[in-house]
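The values are calculated or read from the model by the stated rules, or taken from the named source; none is laboratory data. As the structure is a computational prediction, the values presented were derived from the model and not from experiment. Cβ placement follows ideal geometry from the backbone for every residue including glycine, while neighbour counts extend to all protein chains displayed.
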Amino acid sequence: MNTRGYFSKAMLALGFAFLYVPILLMVLFSFNASRAVTDWSPDSPSLRWYKQLLQDDQILSAAWVSIQVAAMSATGAVILGTLAGLVLARFGPFKGRALLRGLTTAPLVMPEVITGLSMLLLFVSLEQLFRVMFGWQFDRGMWTIVIAHVTFTMAYVTVVVQSRLSTFDDSLEEAALDLGARPAKVFFRITVPLILPAILSGWLLAFTLSWDDLVVTQFVSAPGSNTLPMVIFSRVRLGVNPVVNALATIMVLVVALGVILSAVLMRRQEQRRKREEQMAASG
């Protein structure tokens with residue numbers, strides 16, 4: 001019995017080490033004063049590469065583009081994914097339900113190369129169509145990246161929201177309808193606040209997927225709309241630059257703070273929901 005417990009703990013520790021030791025080494029070497037990534041300089045620790053990062057206009061510009069793209073993609077994915085999840089979870093059997101379910105979940109298993117290539121062919125066809133029919137110049141750029149990212153991130157939001165709605169207590173909505181509230185008011189005043197943790201989780205997941213995407217972005221981007229993963233990938237191919245370590249460390253810190261903040265907000269929301277249910281039950 002003890003042997004099994006020791007083995008489970010050892011495997012758990014090995015798994016965590018496999019995941020996080022490389023990240024810790026990257027954070028450590030971001031404070032290395034030497035240009036050689038693996039050689040620790042006697043002048044370390046140093047903020048040399050962080051200072052150089054703040055002066056790198058290419059990385060800062062790409063980071064700003066990535067933030068805009070990820071924020072807009074996550075917002076669009078939340079809107080469409082929430083509506084799709086609501087339809088799949090609340091509406092009964094209807095014509096086209098299987099097709100809708102298949103279309104919303106297909107991006108989960110579709111290879112990114114196929115998704116990127118199909119979006120590229122779509123935008124090239126739209127460029128020709130707009131030029132011939134309307135005389136407009138439809139160029140690829142940040143907006144084409146946003147559209148492409150929404151197409152595959154909304155699938156994740158749909159799954160998260162649908163799973164939350166499947167365990168939703170319909171009696172709360174029915175009580176509000178019996179008291180004279182209109183369906184739209186019930187949705188925004190009762191349904192949305194109760195599924196807000198799922199919506200927030202979907203938004204954060206979509207934001208992370210959009211921020212991290214490289215394959216699809218390379219197909220639908222254009223010069224002047226390079227995202228941060230594209231810039232990092234282009235630099236790493238020529239050798240690991242210590243500036244990339246500093247940038248990755250900042251990204252890890254931001255992600256960690258975001259996860260902690262979202263966990264705190266979701267916990268408060270859950271506690272508030274339980275208090276309201278207790279008050280409703282006692283009343």
Self-check item: Residue in segment 144-163 that is outside any helix (DSSP H, G or I) and either of a type outside the set (A, V, I, L, M) or out of contact with any Leu (no Cβ under 6 Å at 6 or more places or on another chain) (or both) present
Solution: no
Practice problem: Collect the residues in segment 94-129 that are of a type in the set (Phe, Trp, Tyr) and surrounded by 14 or more Cβ atoms within 10 Å (Cβ to Cβ), keeping them in residue-number order. | Solution: Phe123
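Against the condition touching a His at 6+ places or on another chain (Cβ under 8 Å), surrounded by 10 or more Cβ atoms within 10 Å (Cβ to Cβ), within 20 Å of Arg235 (Cβ to Cβ) and in contact (Cβ under 8 Å) with a residue 40 or more places away in the chain, how does Val65 come out, does it pass?
Criteria not met by Val65.
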Quiz prompt | Output for segment 82-107, where each listed residue is within 20 Å of the chain's Cα centre (by Cα) and among the small types (Gly, Ala, Ser) | solution = Ala84, Gly85, Ala106
Quiz item: Of the residues that sit in segment 2-47 and are small (Gly, Ala, Ser) and within 30 Å of the chain's Cα centre (by Cα), which one is modelled with the lowest pLDDT?
Solution: Ser30
Quiz item: If you check Gln278 against the conditions, is it more than 25 Å from Ala206 (Cα to Cα) and either surrounded by 10 or more Cβ atoms within 10 Å (Cβ to Cβ) or of a type outside the set (S, T, N, Q) (or both)?
Solution: yes
Practice problem: Mind listing whichever residues of segment 235-264 are touching a residue at least 60 places away in the same chain (Cβ under 8 Å) and in contact with a helix residue (DSSP H, G or I) (Cβ under 7 Å, 6 or more places away or on another chain)? | Solution: Pro242, Val243, Asn245, Ala246, Leu247, Ala248, Thr249, Val252, Ser262
Practice problem: Report yes if some residue within segment 35-53 is over 30 Å from Ser163 (Cβ atoms), free of Cβ contacts under 8 Å to residues at least 24 places away in the same chain and β-branched (Val, Ile, Thr); otherwise report no. | Solution: yes
Quiz item: Can you tell me which residue in segment 167-218 is nearest to Glu112 (Cα to Cα), limited to those that are among the β-branched types (Val, Ile, Thr) and crowded, with 19+ Cβ neighbours inside 10 Å?
Solution: Val216
Quiz item: Pick from Phe219, Phe233, Phe187: which is under 25 Å from Ile23 (Cα atoms) and at pLDDT 75 or above?
Solution: Phe233
Quiz item: Mind checking which residues of segment 218-260 are part of a helix (DSSP H, G or I) and more than 27 Å from Leu47 (Cα to Cα)?
Solution: Gln218, Phe219, Val220
Exercise. Give the number of residues within segment 80-93 that are out of contact with any Leu (no Cβ under 9 Å at 6 or more places or on another chain) and loosely packed, with under 15 Cβ neighbours inside 10 Å.
Key: 4
